[in-house]
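Data block below; observations after.
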């Protein structure tokens, strides 16, 4: 069990220092969006490691995180095609691989490299601790549009659950990356869309469960947890991002109170 003093905390701390203090088998879901090794500026050199250093560092935090997962727990990890083969092989030796998800960032065709095909996706691995992993498909089904439902009017389709509640999301998620015009955009170079993280949280963590985010960034995982009644524990080493997260939490809570008053 995770002590209540740990619940819904954001720690301005290196995750590799903080995670060992968490009780084993206390986490329902890990959502990890670590540095990819692409040279981004996160206020430190964490994304400027050479390939060997990056992979060794990745293996270190994975080894720290896995004992913290419950037997029913799962892990989502964002990565790039450059390193996903090595990382996925490492994880497959320790977990059950459920999905490789492709996030199509919906990048417009505006030039780009001329020596290879332009990369417009991120790779996401979904891994489970055991075969008894939690997964709530109904919470993330996508409703069919009226035209599709009308086209399935033959008697063999009448009353079918999948037609009424929607279809299973596929393993290619076409969600636009966040541009500066997006309302949810914060001052972070690789902020993930809330829509993507919400799907992970709802599908892979029970209501009231605990989500661990080792690299909280702009706090999108925390936002999803608050909006969908999940607990969280998060680490963010950059003090500026940490302040962004705290302000984002306050904004979500304030908007929630305002909506309650209006209703």
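Descriptive notes on the structure:
- Over region 62-153, relative contact order from alpha-carbon pairs under 8 Å, at least 6 apart, %: 42
- Only DSSP H runs of four or more residues enter the estimate; each adds -39500 (n - 2.57), and after division by the residues of the chain the mean residue ellipticity at 222 nm equals -9000 deg cm²/dmol.
- Cβ-Cβ FRET estimate between residue 136 and residue 14, R0 fixed at 45 Å, reported to 0.05: 0.90
- Relative contact order for region 12-106, counting Cα pairs under 8 Å that sit 6 or more residues apart, in percent: 37
- Computed over the chain: relative contact order in percent, which uses C-alpha pairs under 8 Å that are six or more apart: 25
- One chain, two ends: residue 44 and residue 145. Fully extended at 0.36 nm per residue, the span grows by 31.7 nm beyond their Cα-Cα distance.
- Centroid-to-centroid separation of region 95-151 and region 183-204 [C-alpha atoms, Å]: 14
- Most fluctuating residue given options 77, 222, 27, as computed from a GNM of the chain linking Cα atoms under 10 Å: 77
- Among 195, 236, 52: highest mean-square fluctuation, GNM of the chain, C-alpha pairs under 10 Å: 52
- Rounded if a/c under 1.5, otherwise prolate or oblate - region 1-99, Cα gyration tensor axes: oblate
Any read-out appearing in this document is the output of simple, stated calculations on the displayed coordinates, not a laboratory observation. Just so it is clear, the model here is predicted, and its values are computed rather than measured. Cβ coordinates were reconstructed from backbone atoms using ideal geometry, including for glycine residues, and neighbour counts include every protein chain displayed.
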